[in-house]
Amino acid sequence: MIIYQETKGQFLHDTEYGDIAEIVRDRYVAQRRSSKGVSLSEFNAWRESLGQMANVLRDSGIPPQCGIGIEYRIPASDKRIDFVITGTNSAGRPLAVIVELKRWSSSTPTDQDAIVIAHRGGKAVAREGPHPSYQAWSYACLLADFNSAAEEGKAELRPCAYLHNHPADGGIDGPRYREVLEKAPLFLKGESEVLRLREFIRRHVRDGDYGDLLWRFEGGEIRPSKSLADAVASMVRGNPEFVLIDDQKTVFEASRQAIQRASLEGGTKEVVIVRGGPGTGKSVVAVRLLTDAIAADLNARYVSKNAAPREVYATRLAGALSKKRIESLFATSGAFLDSEPNVFHALVVDEAHRLTEKSGHFQNLGVNQIVEVISAARATIFFVDDEQRVTLKDIGEAEEIREHAQAAGAHVTELYLHSQFRCAGADGYIAWVEDVLGIADTANDALDINQYDFRVVNSATELHGLIENRNANGRSRVVAGYCWDWLSKKDLGEDDIVLDDGRYRRKWNLNSRGKAWAISEGSIDEVGCIHTIQGLDLDYVGVIIGPDLRFEDGAVVADPLARAATDMSLRGIKGMLKKDPARAEELAGRIIRNTYRTLMTRGMQGCFVYCTDAALADHLRSRLSPGLLQIVDPRPDVEVPLVRAVECVPERCYAPVVDLAVAAGGFSDFQASSLDFEDWVEIPSRYADAAGLFVARVVGESMNRRIPNGAYCLFRLHPAGSRQGRAVLAQHRSIEDPDTGGRFTVKVYSSTKLIGQADEWVRERVVLRPDTDRAGYEPIVIEDGQGEDPVTIVAEVLDVLSPAVVRGCG
């Protein structure tokens, strides 16, 4: 939709003999068929900025027949181009000059990529946002990637920005923005800048086209360009991060069919609701649906209320393609306020539980985001977890979505993701978290910490240290409940979270990291919150549980008044407490518990927790299964004797003792069921039905956070299933263990895999990581050898047996 569309000659006439701002306003109201006018600030912006552009265009070298478009809304987006000049270039090809207009008189640069601080939209408070040149360039990318007229006509697009009140100051036009200024030149205040802008337009627009390209833009089909579709498909193809497993594949295919049905001529509007808990792969399926739709030449977007998942997935997908072109596929949930009905073939809504009623910076626009996205698309796929509602304004629960879908006459399909791929695949851990936090009564009243690395630590300092030690690949972070004011946002000299009698001092996630805080270098030094981590995966997560969650009188108690004053997730709760205290407490308690459930389920391999409330820490510890993996202080100088008993009792459970240094060379023939071993020890009865068990002593400090130097461990031969994050006994010809000097080692296993030509898993490399607080221990990296297993996993560590329970018999 173009509000004003004329030739340069008519535009100059309207400016000189009429009020161009009134003309644009009247056409705006008429086209929108609404009595609602425009704001005074926008009206004044038109009057001033369009007058300045008229001054620029009063040049005989710029053809009077060139087209002028004002307020061109790019179809299938919420973006509007301020000013467009169309014509043909020196080769006779269609061309458009895109001009982003600003009335700013000043701005403040930032360290972020293409971000400046300025008074935007007439607001009194300056805020961060894109550099004007970046805006102009991004609009050109949108046109090139999604308007068929630009691709088929091979139109040349030339973006620029004109800030007619802003003097050159070395900031907004400084070297830190050099890259974006090369893509879209910036013109500032002054007569010399007017001459530069005229020259820029003259150089590119050689002949007029009477606005023909504008008309073609208006009538162009909205679909992804072939170059974009091919590039996006290639980024996902063969990428193990986006391989679908088990019920992920089932949900993907059913959702894909719904999109195909809706895209047919006369097809029914489709809404698919996909429920899934943490770690079930909702985001992976969502991204695959997006890329599949784009590759099929359909107009689709990935939609998320949270900026963090959009930024992270756009970053991970960006390869040879510019990140901006990828970002155009990722939209905020508030981008569909004024979308035409069914303009999109598909909208894939991730983290749908975070949808709200109102949109906009001040939450005062629109009617209902669920209604808006359903209206805008022929098919809408919602990925939802009702237990991840974390603010009072979140409305996107499955039942609410179903009601609005039925009201829109859509065919509704409900699907489920059950398989859990986070938290080391331990479904029981998530159920335990829900039970221990008081979210739901489950059968998991005790946590088996052999299945998932969960610990309650004694200080925030210890917590952060543990996470830093596990951040070798940049995928471990510390997060917290929002119980501390964000002081450093205004003053970088301030620390936000101060604990441990002042010894622990950290800042909240800084704006300088952008919205991709979770994957940015240096983020390990800061503390993230629910808004920067929801929807994302980490290897290890450290969670600081603040005073908003305590343990009192035998129950977990949520306290909304302990949240920070700067936290907007419970905004309005004080008034609600006065009017309806019971309802307010129930709702606030649910949001606080959901917040910590979400934070505590981010870790693929482990979660460590520090509680500011000591009683809550004791409560969490009391819910860990007794007698399982017990971490004790390393005692490297103390020999651990193996005491023989006179007789083995049949009713008890035993395993043979193996000398690793002797047995490692012949593990391929080793059978723990053999009765030829000289030494046997009694082991916990819970292992009575397990096969392939043996006990061995582990020496050295490389695993002292899990296994004290000299401790006896219970092993199981040839472990099945995923070994990711598990402590294993590994053997390889290239291993030189720093503790044993041999070709075997006990370390934490992880592997990186690729998909082969026949879509089978093919190992690429194995990393055996130490888990220690001592310096000098490095990961052992073993590359794939011509399709062979790069390393042999002899056994996994099931338990650490303290000296007190190692009782021999013979």
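The values are calculated or read from the model by the stated rules, or taken from the named source; none is laboratory data. Keep in mind that what you see is a predicted model, and the values were worked out from it rather than measured. Here the Cβ is made from the backbone with ideal geometry for all residues, glycine too, and neighbour counts use every protein chain on show. Please note that ligands, DNA and RNA were not included when accessible areas were found on the heavy atoms of the full protein model with its side chains. Shrake-Rupley method; radii C 1.70, N 1.55, O 1.52, S 1.80 Å.
Descriptive notes on the structure:
- Between Arg203 and Ala126, the simple label model (points 7 Å from Cα in the Cβ direction) yields a spacing of 3.0 nm.
- Here the dipole of segment 100-163 is about 440 debye; that uses its Cα centre as origin and unit charges on the Cβ of Lys and Arg (positive) and Asp and Glu (negative).
- Sorting 202-213, 102-113, 156-167 by average packing, meaning the other beta carbons within 10 Å per residue, from highest down gives 156-167, 202-213, 102-113.
- Pairs exceeding 26 Å between alpha-carbon atoms, taken from Lys305/Lys489; Lys249/Lys358; Lys79/Lys183; Lys282/Lys305; Lys183/Lys490: Lys249/Lys358; Lys183/Lys490.
- The calculated FRET efficiency for the pair Ala775 and Glu462, based on their C-beta separation and a Förster distance of 25 Å, comes to about 0.90.
- Prolate is the label for segment 52-146, because a/c, from the alpha-carbon gyration tensor with a ≥ b ≥ c as root eigenvalues, is 1.5 or above and a/b exceeds b/c.
- Solvent exposure of segment 84-125 amounts to 43 Å² per residue of accessible area, where only protein heavy atoms count and the probe is 1.4 Å.
- Averaged over residues, the count of other Cβ atoms within 10 Å places the peptides 433-446, 474-487 in the sequence 474-487, 433-446, highest first.
- Amide N proximity, segment 1-26 versus Glu191 label position 7 Å along Cα-to-Cβ, cut-off under 13 Å: none
- Shape category assigned to segment 339-412 from the gyration tensor of Cα positions, a/c cut at 1.5: oblate
- Computed from point charges on the beta carbon alone (+1 for Lys and Arg, -1 for Asp and Glu), the dipole magnitude for segment 433-491 about its Cα centre is near 480 Debye.
- Between Glu357 and Glu265, the FRET efficiency from the beta-carbon distance, with R0 = 45 Å, is close to 0.85.
- Label separation (Glu494 vs His418): 5.0 nm, computed from points 7 Å beyond Cα along the C-beta direction.
- A simple spin-label model places pseudo-atoms 7 Å from Cα toward Cβ; at Thr332 and Asp59 they are separated by 3.5 nm.
- Taking each residue as 0.36 nm, the span from Ala408 to Lys578 lengthens on full extension beyond its C-alpha to C-alpha distance by 57.5 nm.
- Neighbour cut-off at most 12 other Cβ (10 Å), DSSP loop, trypsin sites (Lys or Arg not before Pro), segment 35-74: Lys36
- Potential extension, Ser39-Lys79 segment - 0.36 nm per residue separation minus Cα distance: 12.6 nm
- The accessible surface of segment 125-227, taken with every protein chain in place and a 1.4 Å probe, is 49 percent carbon and sulfur.
- Calculated FRET value between Glu521 and Tyr17, using beta carbons and R₀ = 51 Å, to 0.05: 0.30
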